[in-house]
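Participant: Take this structure first; my questions come after.
The values are calculated or read from the model by the stated rules, or taken from the named source; none is laboratory data. Keep in mind the model is a prediction, meaning the values are calculated, not measured. With ideal geometry, Cβ positions are generated from the backbone for all residues, glycine too; neighbour counts draw on all protein chains shown.
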Amino acid sequence: MSRWLLVYDGYDPDSEGVREALCTLGNGYFATRGAQPEATADGVHYPGTYVAGCYDRLTSDVAGRTVVNEDLVNAPNWLPLTLRIGDGPWLGPADLASPSALLSYRQELDLRRGVLTRLLRFTDAAGRVTRMAQRRIVSMEDPHLAALETTIVPENWSGDLEIRSALDGRVSNSGVARYRLLNGAHLVPGGEGENGAEAVWLSCRTATSGVEIALAARTRVDAAAKRTTREERGWISQDLLVEAEEGVPVTVEKVAALFTSRDRAIEEPAKAARTRVDRAAGFDGLLERHTLAWGRLWRRCRLSVDGEDVQRVLNLHMFHLLQTVSEHTVDLDVGVPARGLHGEAYRGHIFWDELFVLPFLTLRFPEIARSLLLYRSRRLPEARWAAREAGRRGAMYPWQSGGDGREETQWLHLNPRSGRWLPDHSHLQRHVGLAVALNVWRFYEATGDAEFLAEYGAEMLLEIARFFAGLATYSRGLDRYEIRGVMGPDEYHDGYPGREEPGLDNNAYTNVLAVWVLCRALDVLAVLPGDRRDELVERLGLAREEIARMEDVSRTMAIPFHDGVLSQFEGYADLDELDWDGYRRRYGDIRRLDRILEAEGDSPNRYKASKQADVLMLFHLLSREELDDVLTRLGHVPAPDLMERTIAYYLPRTCHGSTLSSLVHAWLMARVDGEEAWHLFLESLDSDIGDSQHGTTAEGVHLGAMAGTVNLVQRCHAGVTTQGTVLHLAPRLPAGIGRLRLGLRYRGNWGVDLSLSQDRLRVALHPGVASPIEVACGAETVTIEPGAAWETPLANGRLPEQPAGGR
Ligand code: BGC
């Protein structure tokens, strides 16, 4: 396999869901799973199409309770295309599942051009052998268009060949088995009809959010065809009957357009879809423009390593990231759904995962990163309302966000192992707001976009800081501020054994990051131009006492320690040790330890056992200096080996129930043990392509982990961080990577090229770059002029004088 091809040989129903997710094609406006065009949702296949930001809310009765859930809506399916020979049966997935009927099968995803190809040969009961080749795109050039080209060759027969090309609006959200008790009927049929001789259209409306979604499809065949249109409510097809001749290919071309009432510059979605297919070029024309658009994207994503297998997965990860958020997203009001536009897990909601996505985008597509931050900015009023309802000032961002930014976290979740519906307290992950604030600041550092900061960023940062300053309560006993009753990133701990109310006290991750954010809020007040600052302070009604409190909390927040390491939360030290070996022996895979323990009538709350990196996230997000600054500010004397000790403590107590976990650990291990880090890096590359969480990839890719691996190469292997106005480089290049080349955009400057090998680091600026950049590398800070390059020796992929820990 090449660096740009994902290939599946043979058909395997058990892995069909994973293939569908990994072969999803999209353009940041909408995406369609790589399902077979002749399939409907049947337990093996799930042809889902998702439009960015198109949500709908429905009520369901489960476990004796009425629950309300907002879903990213599975939009009408534009794909359906099947055929029959003579008056035989329509070709369906079952025919292809039979080994005697399916003679060969191959799927190829071309990552460079964004083309999914399917090649198959099959025979029917009468021994007629047919060859078929299908190519599919979801246009990266025109975000409303998709196309499917099918070439059919009758190998040993001649006669009637009928092709059915349909639009299916009778789909629901049913892609995730454990959500099936929930109401998924989001689409209300609107209308359908013909559009000239070659095309049909269909429209529907989401049940409660009232978004009109319209599809139109034009189907052409390169032979004389008799055409019949059939329609039922929510479904329309065209059947094309042709005289097929042995050995002569018949090519069918379906071009589809999708619009919604959220789109701009249209009169009405169905009309827009009909006009767009009328005007669309043929498959080859669309493919050409689409390929050019992908070429432009890849030029901005230059990242290459020597190892072909590693490169392919990195390409796959960038590919899916750019299919979820692209330049077509910039004009939309959408965030980063944790599972991409690739499936229905987590209902298309937006968590803190953009933390892993933005560093990649910011240094390549700052305009996309900015638009994702604006998604948060537009939901500031809702976050303010949530804070107010909780009796606080400032902004309390929701753990799960969707359409309007209210809290979308479910109140109950199903443990499929025990069959029990359980209370879900994960909305107590208040740290999501801290991630938003951190993203704002990092974006500002990397782009120098002072206008964004003044217009939007500062307000979010200050409102989030304000919320945390208020959330912290003063403890007379400790003579420090505390944050009580929250959850950290580790979702396996949501309370104390024996304590009725959920939540934990002084989660180290939350408290430390809150202090860091409070400091940045104070910085913001210092960096904003005086008039802008005064305006903002006036608008927010930010009183002098509140600023004084931010300062006070940032100097006296409680941070728990035990055994010389940061405690995940207050009382963590008193929990029992889990019998890790025993559980591994008994269950093998213990990543979902929460489900295992609950099914046994036990709870992870009793044990020193984490789902994912929690405390350790601090070392991931903050540089050593930044963390030391926070701890010193709080009156602690950080031990020089604090990070190494903390990693050594938590790593064996973590079961990686989230794909984000091995990624963060890989990153951290790179600072202490290159060998182990490399192993963990390869493991995190495998998250989706190897479906390492057993079945979860089929429900949508793990976008945070995907982007995180690319980010790891950038921030850890190449050692690129942005702080202040300086590009910092502290490489840790694993030998397994070979040479690494990266192209970046830094503070508005296109064309910053890095190349690294085990013994050399080179930074070059294209001649067209507007201004010099400052680069800090070890003890040296240099200014590189446009058109110039700078080199420094490395020893085993590191700066010779680089300490073991480093940034
Ligand atoms: C993880 C969260 C993550 C979410 C969405 C959960 O399993 O625990 O940290 O944000 O998945 O990716």
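Participant: Could you check the range 595-615 and list, in sequence order, the residues that are part of a loop (DSSP other than H, G, I, E, B) and out of contact with any strand residue (DSSP E or B) (no Cβ under 8 Å at 6 or more places or on another chain)?
Facilitator: Answer for the range 595-615, where residues must be part of a loop (DSSP other than H, G, I, E, B) and out of contact with any strand residue (DSSP E or B) (no Cβ under 8 Å at 6 or more places or on another chain): 600, 601, 602, 603, 614.
Participant: Would you mention how many residues in the range 426-478 are on the phi > 0 side of the Ramachandran plot and either part of a helix (DSSP H, G or I) or modelled with pLDDT of 95 or more (or both)?
Facilitator: 0
Participant: Among the numbered criteria (1) closer than 30 Å to residue 588 by Cβ; (2) at pLDDT 95 or above; (3) not small (Gly, Ala, Ser), which one does residue 740 miss?
Facilitator: The single condition residue 740 does not satisfy is (1).
Participant: Same structure, new question: Take the conditions within 26 Å of residue 351 (Cα to Cα), more than 16 Å from the ligand (Cβ to nearest atom), touching a residue at least 24 places away in the same chain (Cβ under 8 Å) and acidic (Asp, Glu) and apply them to residue 644. Does it pass?
Facilitator: no
Participant: Please go through the range 591-617 and pick out each residue that is among the hydrophobic types (A, V, I, L, M, F, W, C), more than 15 Å from the ligand (Cβ to nearest atom) and in contact with a helix residue (DSSP H, G or I) (Cβ under 7 Å, 6 or more places away or on another chain).
Facilitator: 596, 597 - these are the residues of the range 591-617 that are among the hydrophobic types (A, V, I, L, M, F, W, C), more than 15 Å from the ligand (Cβ to nearest atom) and in contact with a helix residue (DSSP H, G or I) (Cβ under 7 Å, 6 or more places away or on another chain).
Participant: Any residue at all in the range 75-95 that's of a type in the set (Asp, Glu) and either at pLDDT 95 or above or touching a Leu at 6+ places or on another chain (Cβ under 6 Å) (or both)?
Facilitator: Checked the range 75-95: no residue is of a type in the set (Asp, Glu) and either at pLDDT 95 or above or touching a Leu at 6+ places or on another chain (Cβ under 6 Å) (or both).
Participant: Is it the case, given these coordinates, that residue 219 is part of a strand (DSSP E or B) and either within 37 Å of the chain's Cα centre (by Cα) or modelled with pLDDT under 95 (or both)?
Facilitator: yes
Participant: Next question. Look at residue 437 and say whether it is within 13 Å of residue 373 (Cα to Cα) and crowded, with 22+ Cβ neighbours inside 10 Å.
Facilitator: When the stated conditions are applied, residue 437 passes them.
Participant: I would also like to ask the following. Check 730, 707 and return the single one that is small (Gly, Ala, Ser) and surrounded by 24 or more Cβ atoms within 10 Å (Cβ to Cβ).
Facilitator: Criteria check complete, one pass: 707.
Residue by residue, here is whether (1) closer than 17 Å to residue 27 by Cα; (2) in a strand (DSSP E or B); (3) in contact (Cβ under 8 Å) with a residue 24 or more places away in the chain holds:
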position	(1), (2), (3)
228	no, yes, no
239	no, yes, yes
243	no, yes, yes
259	yes, yes, yes
291	yes, no, yes
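Participant: Here's something else I'd like to know. Can you give me the ranges of the helices (runs of 4 or more DSSP H) entirely in the range 479-587 with at least 2 residues that are more than 16 Å from the ligand (Cβ to nearest atom) and closer than 17 Å to residue 604 by Cα?
Facilitator: 580-587
Participant: Only one of 310, 325 is within 16 Å of the ligand (Cβ to nearest atom) and either among the basic types (Lys, Arg) or at pLDDT 95 or above (or both). Can you tell me which?
Facilitator: Only one candidate qualifies: 325.
Participant: For residue 278, indicate whether it is surrounded by 14 or more Cβ atoms within 10 Å (Cβ to Cβ), at pLDDT 95 or above and not aliphatic (A, V, I, L, M).
Facilitator: Taking the combined requirement at face value, the residue satisfies it.
Participant: Quick one: in the range 328-361, of everything that is assigned to a helix (DSSP H, G or I) and of a type in the set (A, V, I, L, M), which residue is farthest from the ligand (Cβ to nearest atom)?
Facilitator: Out of the qualifying residues, it is 361.
Participant: Which of (1) modelled with pLDDT under 95; (2) farther than 21 Å from residue 698 by Cα; (3) not charged (D, E, K, R) does residue 43 not meet, given it meets every other one?
Facilitator: It is condition (2) that residue 43 fails.
Participant: Mind checking whether some residue in the range 553-572 is over 21 Å from residue 482 (Cβ atoms) and hydroxyl-bearing (Ser, Thr, Tyr)?
Facilitator: The answer is no, given that none of the residues of the range 553-572 is over 21 Å from residue 482 (Cβ atoms) and hydroxyl-bearing (Ser, Thr, Tyr).
Participant: When you go through (1) among the β-branched types (Val, Ile, Thr); (2) assigned to a loop (DSSP other than H, G, I, E, B); (3) within 12 Å of the ligand (Cβ to nearest atom) one by one for residue 637, which number turns out not to apply?
Facilitator: (3)
Residues checked against (1) closer than 23 Å to residue 695 by Cβ; (2) out of contact with any strand residue (DSSP E or B) (no Cβ under 8 Å at 6 or more places or on another chain); (3) among the acidic types (Asp, Glu); (4) in a loop (DSSP other than H, G, I, E, B):
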site	(1), (2), (3), (4)
34	yes, no, no, yes
38	no, no, yes, yes
41	yes, yes, no, yes
44	yes, yes, no, yes
52	no, no, no, no
58	no, no, no, no
67	no, no, no, no
